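The values are calculated or read from the model by the stated rules, or taken from the named source; none is laboratory data. Quick caveat: nothing in here was measured; it's all calculated off a predicted structure. Every residue, glycine among them, receives a Cβ derived from its backbone with ideal geometry; neighbour counts consider all protein chains shown. In case anyone asks, the SASA skips ligands and DNA or RNA and just uses the protein heavy atoms, side chains included. Shrake-Rupley method; radii C 1.70, N 1.55, O 1.52, S 1.80 Å.
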Amino acid sequence: MARPHSLKNLTDHVVICNCNAKVGKIAEELYTGMVFEPPDVVLLIQDEELWRSHPEWHPPASANGRFYTVTGCPTDKNDLKKVRIKHARAAVILADPNHGELADAPSTLTAMAIEKQNPQVHTVIELVASGNRRFMKGTEVNEVICMSEISEKLLVQSCLTPGIKNIFEDLLTFRKGASQLYTIPVPPPFAQLTYRQSARKIILADPPFILIGFVATNHTNDTYETGKEDEARQRPSLPSHQDAGALHSAFSQIVINPKANLNPGKDTVLSSQDRLVIIGHEQPDFQSV
Amino acid sequence: MLKSRLHEIIEPYQGGPRATRISLLTDIFILICIVISCALIPLGHYYPEYETFFWRSEIVFTVIFIIEYLLRWYAAEKRWRYPFTFYALIDLAAILPAILMLTADFLMLRTLRGVRLLRLLRLLRLIRLLKFFRYGFLIYRSFVSARIWISYVTEQYRLTDLKKLFIISMLIWIAGANALWFTEAVILEQKGPYGNYWRSYWHILIVLVSGIEDKEPQSLPGRILVTGLLIAGICIVGMITAEIVSVLVHRINRSGRVAIKPSRTKLERHIVIIGHSRQLHNIIVQLMAVLKDRHYILLVHRQADETRTGGSGIYKKVMALPGNILDPAILDQADLDKALRVILLSSGRVSDRPVDRDNYTLMKTLAAYCRNRSIPIVAEIRDLKSQKYTQALEEVEFMAAFDFGVRLISQAVLNPGVTQIFYELMTLTGDSNEFYTLPVPDELIGMTFKQAQLFFFDQDKLELTLIGIDRSTERQPNTVFFINPAGMKNGLSQPDLILQKRDNLVVIAYIRPSFAKPKKEDLWQGRIL
């Protein structure tokens, strides 16, 4: 696919609102590109001075040509238009360092402004205080990342089982050879089979991935049995806007390592709206299964 | 399944992750039986009139020990080998004398020679004291817990001061009663209320505690003495009342706050959390979800004593040590030489730069590390620049949430929805999944990874999903592992997919699976909490 050279024609890009020390690292991770096709990134900054004064926050040189900076307010309709939010696939709202420990309110309002402009965009918000997570439920924010929460969870895990963070590190990284978690729509041959039957079938087929659970959904709109299913498989790097929206509501019933005596559990019949949770080195291919 | 459940119950309580209350209660019951059954032997000697009762009790205890022996045999992993194991021989030796005595008539032991043998058998019943060996760990743990509890109660209720006051009161009472009796009855030969030795104790007690002087001495020296005792009584009662009020006020002031670690209490097998952050409460909640009151948690930071419990029961085994860990006195008080784990939180003022906080954390890490190099330490750092210094301390695990956070944000963008799966795997609660690395069960050695997957998949009770193989060394666990080892390009080749004895399995499970019974030495050395 030809890459657009100007902001004007950008589609399927990622918008990052506000700048802090994470910008460069996020761009670096996104551009690793070993597993997924690297997306274009547009940074919407309010405080240009702050951005200029911190060259260490800037993305690596490899990002040239894919990284755009736009100055403006992330809650402003016109500025959001400038970054083509309607055509973006994801928006990351980082905590603005100018607001310090109280950055959660502006970040949430930014996310709401973005959702208003494009309800299909996948919004990811960085929270400063984990206690504010509960207030996110009333918003359309898709994913919430809180550094302090991650820190606390990993500290406890590492305290109890030294070295366990390496497994998380392995699963989180995009580098070549590392395993990834994938959620993919249940392939047609597996629809109407129970999780138990599907998992057995997968193990016996000896595929290069491991099924670890599924995401049960209650959707009536059959997204993946229409032409979109093919589209999603052809371009596995990122789900379409509709997929992202579907995932958001679907993730209320994530069932990892399903139990036999629960519903949803090991004997739940999978439907075509459900998604399988898989660990693999690359996007799972069910052709061989 | 019954066998496995029985094994869990009947095996001595090791305080492991799957240790159940019923297992603990069974152990306590057996220990009580051992103590009482052994006590019956000297009691039978000193109180021959109750011999029938003692003999019937002996029969009951013998039946209990026989049932215990048979259950252990049934639940043993290798039944044919069990009777020849050390503990099984002790168990057999513990019940044999009683069985021989029960069958004395049948064995014709009531003859003259047999009577001597019977006496010997009666004494040999004391062999059952050897059964205590099996419960060594439980007895040790109970001893340590009792020591910590007594020390804690003594400090909290100022029992040391009260004890001193009590001893002084007793001495004054005894001395006063004797002095009055000696003055009145012996020297002056008066027949007043103090003429009787034991009644003088009673009168002096009334004088000391209530101050009522209705039994006045007959002589002047006696009256002078009682006046002195009256004054002493007012002082003592006042001091005891003041001490009790002070304890109550202290308790009211400290209510809702974490208990302060008594300076003389030596903690053992505890977890030390150094530093303070807003996540402290959540960290304690998650730790306690796994530890379930098996270990103490010690909080060390300047305002540790101000940590609020919010009325939560999870702080039952949490103690505070206010102070700076860089202070040698505080470092001593933290009992790091006996601790199992250390967590260092990145703390400091909000205005501090992340790098400054990290430098402070690194200094504290060094202090803890130098005190005990064998203890697993995990430290939180905030700035990636600090990572270059952390490489010098390979034994310490440094956690940069920034790094994980950035990766999680990138995952959220490229792989929508997976962050919630990561959160589930990272969270430690009773009903969430976690990663575990477990030794390969004997029956799976030599099998392929795929066979192992099918083996676990068919066992619904285990509730686990096998995802990888860990081939790390014991010193550096979870460093050489292969998640999804059958992955085409980067996975293990076919011969390497055969499970070996030294391998560990990486699984996702709700709780530590029952097949992976922790080794006693792992529990003892705190490798498994």
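Structure above, values below:
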item	result
Most to least accessible of B:LEU70, B:LEU454 (protein chains only, probe 1.4 Å)	B:LEU70, B:LEU454
Accessible surface, 1.4 Å probe, highest first, among residues B:TRP80, B:TRP181	B:TRP80, B:TRP181
Percentage relative contact order, chain B, counting C-alpha pairs under 8 Å, at least six apart	9
Helix runs (DSSP H) in chain B reaching 27 Å along axis by Cα, Kyte-Doolittle at least 0.0	B:21-46, B:51-75, B:136-156, B:159-181, B:220-254
Area projected by the alpha carbon convex hull of segment A:88-149, averaged over all directions, nm²	3.9
Average Cα contact separation per residue, segment B:259-405, under 8 Å, 6 or more apart, as relative contact order %	23
Surrounding net charge for A:ILE202, when Lys and Arg each add one and Asp and Glu each subtract one, Cβ distance under 14 Å	+3
Extension gain (nm, one decimal) between B:CYS370 and B:LEU126, 0.36 nm per residue minus Cα-Cα	83.0 nm
The protein assembly as shown - percent of accessible surface contributed by carbon and sulfur, probe 1.4 Å	59
Surface accessible to a 1.4 Å probe, per residue, for the residues of segment B:159-254, Å²	62
Debye-sum result for chain B in log10 I(q)/I(0), which assumes one identical scatterer on each alpha carbon, at q = 0.06, 0.07, 0.08 Å⁻¹	-0.51, -0.66, -0.80
Amide H contacts under 5 Å for A:ALA91, placed H, 5+ residues apart	A:VAL15, A:HIS122, A:THR123, A:VAL124
Spin-label model distance (nm) - A:ASN263 vs A:LYS82, 7 Å beyond Cα toward Cβ	5.5
Calculated FRET value between A:ARG134 and A:GLN197, using beta carbons and R₀ = 22 Å, to 0.05	0.05
Compactness of segment B:159-254, expressed as Rg and Dmax over alpha-carbon positions, Å	15.7, 57
Shielding by partners - mean other protein chain Cβ count within 10 Å, residues of B:460-468	5
When each of A:LYS22/A:LYS86; B:LYS266/B:LYS517; B:LYS261/B:LYS316; A:LYS22/A:LYS116 is checked by Cα-Cα distance, pairs over 18 Å	A:LYS22/A:LYS86; B:LYS266/B:LYS517; A:LYS22/A:LYS116
Hits among lysines - C-alpha to C-alpha of B:LYS519 under 18 Å, sequence gap 8 or more where chains match	B:LYS78, B:LYS501
Solvent accessible area, Å² - B:ASP332, 1.4 Å probe, full protein context	80
Radius of gyration, Dmax [the protein assembly as shown; alpha carbons; angstrom]	35.4, 123
Magnitude of the charge dipole, segment B:259-405, Cβ model with Lys/Arg +1 and Asp/Glu -1, debye to 20	380
Shielding by partners, peptide A:172-180 (average Cβ within 10 angstrom, other chains)	5
Share antiparallel - DSSP beta bridges, the protein assembly as shown, percent rounded to 5	45
Size of electric dipole in chain B: Cβ of Lys, Arg +1 and of Asp, Glu -1, about Cα centre, debye, nearest 20	720
Check: the protein assembly as shown dipole with +1 on Lys, Arg Cβ and -1 on Asp, Glu Cβ, in debye	2240
Amide hydrogen neighbours beyond the local backbone of B:HIS301, cut-off 5 Å, H modeled	B:GLY275, B:LEU321, B:GLY323
Sequence of B:SER374, A:SER158 when ordered by accessible area, the most exposed leading, probe 1.4 angstrom	B:SER374, A:SER158
Bins of 10 Å, starting at 0 and running to the largest distance - Cα pair percent for segment A:119-174	20, 40, 31, 8, 0
Peptide ranges A:52-62, B:321-331 listed from the most packed, as the mean C-beta count within 10 angstrom indicates	B:321-331, A:52-62
Amide hydrogen neighbours beyond the local backbone of B:ARG382, cut-off 5 Å, H modeled	B:ASP358
